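The values are calculated or read from the model by the stated rules, or taken from the named source; none is laboratory data. Everything quoted here is computed from the prediction, not taken from an experiment. No Cβ is skipped: glycine too gets one built from the backbone with ideal geometry, and neighbour counts run over all protein chains shown.
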C-alpha cells in the first residue's frame, strides 16, 4: 500500500497543507520549526488515529483553535484508493473514518500500510519501561502474522476479567475456586501470546544484529525475549494455581505475559541501563530495520517508515548505508535540516519545508 497524499487542515503548525507523496524515499528538508515533525505526526495520526508524540490527542489542536483534522489517501496494489480521516475537537472528541464512515480498528488497519516511527521521542522504546517494548513487539506480531493479531487483545481481556475477580475475592466476596474458569482462560491466552512473541524475536534476532553492526553499534547487538510465563497452557495453568494465594494477597495477577521483557543489549550490556543516547538511537533504528526486513522476507506489506532527524548522529558512510538499505522496497519519509546530510539516492523525491503554498508535491 502507498500513501499518495496527506492533507492537514489544521494540525499544530500545519494550517492548510496538502503534500502528494510518491513511492520509495521521500526527503522532507527544512530548518528547525518548519513543520517537518508535525507533518510526520499528521500522517501517523491519519493512519492510526493516534500520535507518536503525546497520549492526549488534543495537543494536536493548534493554539487557540478547536479542531485538528488530517486526511490521508492510500492506494492499494490494485490501484483502489481509500481515504482515512482522523480528527479531534475540544467539543466532540475524536473521530477516525474510512471513506467518510466510522470503521472498527481492525478494518482501518486492513486498509492502511503498517507504520513505524523513528524519532527522538521514541527512544523510550529502548530506554523506557518494558510495557513499551511489549506493545511494540505485539504490533509486529500482528503485521507478520495477521491471524495472530487478536492475541494481545484476547489476553488483555482475560487478564482484566481475572484481575476483577481476584480483587473481589481479596475483599472477602466469594470463594477462591471461582478462579478456576478464569485461570484456564488466561492460561490459554497467555500460552498463545508468549509463543507468538518468542517466534517474532527468533525471526528478528539475526537481522537486528546485522543492522546494528551497519549502524555502528559496537559489540554484537542482540535482542532477547524474557517471558515471565512460558510453556503450554497446562504448564501456565499450574503456575497460576501455585501463585493463587499470593495473587489474592496482592489483589492482582502477579505472573504472566503482561510482565514479559524484551531485552536489547550490545556486547552483553543492557542498552536500557548502560547505553548512550547514540547507542540507543542505533538500536532503535536496527530494530525497525529488522522488522522491515522480516516483513519483506515473509512477503508481507512493508511498513511505512517515518524517520525523523535520523541523519543527525550518523557519519556520511553510515548515512549512505542507511539509504542503501531503505532504497527499493516500501515507502519511507525522512526529515532533515540540511540538504548536505541527504545522500544522493534519497534526493530523488524531495519536499522542501515550510510549505510556501497550500498544495505541494514531492519534487
Q: Consider residue 139 carefully, then state whether it is assigned to a loop (DSSP other than H, G, I, E, B), under 30 Å from residue 264 (Cα atoms) and at pLDDT 90 or above.
A: no
Only one of 6, 26 is at pLDDT 90 or above, closer than 21 Å to residue 109 by Cβ, assigned to a strand (DSSP E or B) and in the same structural domain as residue 65 (by TED's automatic domain parsing), namely 6
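Conditions (1) out of contact with any helix residue (DSSP H, G or I) (no Cβ under 7 Å at 6 or more places or on another chain); (2) more than 30 Å from residue 319 (Cβ to Cβ); (3) surrounded by 23 or more Cβ atoms within 10 Å (Cβ to Cβ), marked per residue:
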site: 4; (1), (2), (3): yes, no, no
site: 31; (1), (2), (3): yes, no, no
site: 39; (1), (2), (3): yes, no, yes
site: 42; (1), (2), (3): yes, no, yes
site: 65; (1), (2), (3): yes, yes, no
site: 91; (1), (2), (3): yes, yes, no
Q.
Scan the stretch 150-167 and tell me whether some residue there is in the same structural domain as residue 240 (by TED's automatic domain parsing) and outside any helix (DSSP H, G or I).
A. yes
query = Quick check: is even one residue across the stretch 264-275 under 18 Å from the mean Cα position of the chain (by Cα) and buried (at least 22 other Cβ atoms within 10 Å of the Cβ)?
reply = yes
When the stretch 216-234 is checked residue by residue, the ones that are out of contact with any strand residue (DSSP E or B) (no Cβ under 8 Å at 6 or more places or on another chain) and surrounded by fewer than 14 Cβ atoms within 10 Å (Cβ to Cβ) are 232, 234
Sole miss for residue 264 among (1) assigned to a helix (DSSP H, G or I); (2) assigned by TED's automatic domain parsing to the domain that holds residue 208; (3) in contact with a strand residue (DSSP E or B) (Cβ under 9 Å, 6 or more places away or on another chain) is condition (1)
Condition set surrounded by 17 or more Cβ atoms within 10 Å (Cβ to Cβ) and farther than 26 Å from residue 217 by Cα, scope the stretch 104-143, selection nearest to the chain's Cα centre (by Cα): answer is 114
Listed by range, strands (runs of 3 or more DSSP E) wholly within the stretch 282-353 having at least 2 residues that are in contact with a helix residue (DSSP H, G or I) (Cβ under 7 Å, 6 or more places away or on another chain) are 304-307, 331-336
request  = May I ask you to verify whether residue 69 is surrounded by 16 or more Cβ atoms within 10 Å (Cβ to Cβ), touching a residue at least 60 places away in the same chain (Cβ under 8 Å), in contact with a strand residue (DSSP E or B) (Cβ under 7 Å, 6 or more places away or on another chain) and not in a helix (DSSP H, G or I)?
outcome  = yes
Could you say whether any residue in the stretch 13-20 is assigned to a helix (DSSP H, G or I) and surrounded by 22 or more Cβ atoms within 10 Å (Cβ to Cβ)? no
